[in-house]
Amino acid sequence: MTGSEPPAPAGLASAAELAPPEIVLRRFGPAADLLVRYAGWLAGPGTVRGLLGPREVSRLWDRHLLNSVAVAELVPPHARLVDIGSGAGLPGLAMACVRPDLTVDLVESLLRRTDFLTEVVTALDLTDRVRVIRGRAEDTSVRNTVGSAQFVTARAVAPLDRLVRWSFPLLRPGGSLLAVKGASAEDELAEHQQFLTRMRAEVIGVIECGAELVDPPTRVVQLVRR
């Protein structure tokens, strides 16, 4: 941890809670250091500023970080992705920590969150490939800035129909929305089937990823813009 990174405030996170699971060190090697430093930001300043609930610190790795980095399995090398409704940076910033080949745009509308993201990206020395963009995915200015992406990611943002409406204008033809949906994935696909047909969305399916990282695996709905 560098001098520019404040330690977690006393009482919010123990050293044991912030220690990464062994699989992180084995799987990501030197890149694991960035993820560990990011965990410190989430458990410390992120919790103080209300971006992460204090009760979430004890399950920071399984529920949040590993659940997020698992999505990277679906992204090929040297891709550009846009993370909409990024919040505290999940999953986009977590993916950028372990995938130095990715270029990532973090789109978030709330100032306190973009301030936090900007501080973290700067402290982790990721400014050459991670941008923080304040705005909503549906804003014209955001579309003009981040459009023609290969991938859009979203985690706990909105129902599937709204995600498609917001994300498809940001994607190039053939680009994919990767929506982390958990147990509701199949139900949402069934509920919005007619809408997805109208939007010319090709349903790749519900993909489980990160089986070696987290239990249960991360469940992602992948839709392709045609």
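The values are calculated or read from the model by the stated rules, or taken from the named source; none is laboratory data. Since we're looking at a predicted model, the values are computed, not measured. Note that each Cβ is placed from the backbone with ideal geometry, even for glycine, and that neighbours are counted across all protein chains shown.
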Test Asp101 against the stated conditions and say whether it is among the acidic types (Asp, Glu), in a loop (DSSP other than H, G, I, E, B), surrounded by fewer than 20 Cβ atoms within 10 Å (Cβ to Cβ) and modelled with pLDDT of 95 or more. yes
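One line per residue, one yes/no per condition, for (1) of a type outside the set (Gly, Ala, Ser); (2) surrounded by fewer than 15 Cβ atoms within 10 Å (Cβ to Cβ); (3) more than 20 Å from Thr114 (Cα to Cα); (4) at pLDDT 95 or above:
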site: Ala15; (1), (2), (3), (4): no, yes, yes, no
site: Val24; (1), (2), (3), (4): yes, no, yes, no
site: Gly29; (1), (2), (3), (4): no, yes, yes, no
site: Leu35; (1), (2), (3), (4): yes, no, no, yes
site: Trp41; (1), (2), (3), (4): yes, no, no, yes
site: Leu52; (1), (2), (3), (4): yes, no, no, no
Mind listing just one residue for me: the one in segment 117-161 that is farther than 27 Å from Asp33 by Cα and of a type in the set (A, V, I, L, M) and, of those, nearest to the chain's Cα centre (by Cα)? Val157
Taking segment 183-226 as the region of interest, how many residues are within 17 Å of His64 (Cα to Cα) and in a strand (DSSP E or B)? 5
Which residue out of Val71, Val82 is part of a helix (DSSP H, G or I) and either buried (at least 20 other Cβ atoms within 10 Å of the Cβ) or free of Cβ contacts under 8 Å to residues at least 60 places away in the same chain (or both)? Val71
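A quick yes/no check of all residues on (1) more than 26 Å from Glu188 (Cα to Cα); (2) outside any helix (DSSP H, G or I); (3) modelled with pLDDT of 95 or more; (4) in contact with an Asp or Glu (Cβ under 9 Å, 6 or more places away or on another chain):
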position	(1), (2), (3), (4)
Val121	yes, no, yes, no
Asp128	yes, yes, yes, no
Val132	yes, yes, yes, yes
Val152	no, yes, yes, yes
Phe168	no, no, yes, no
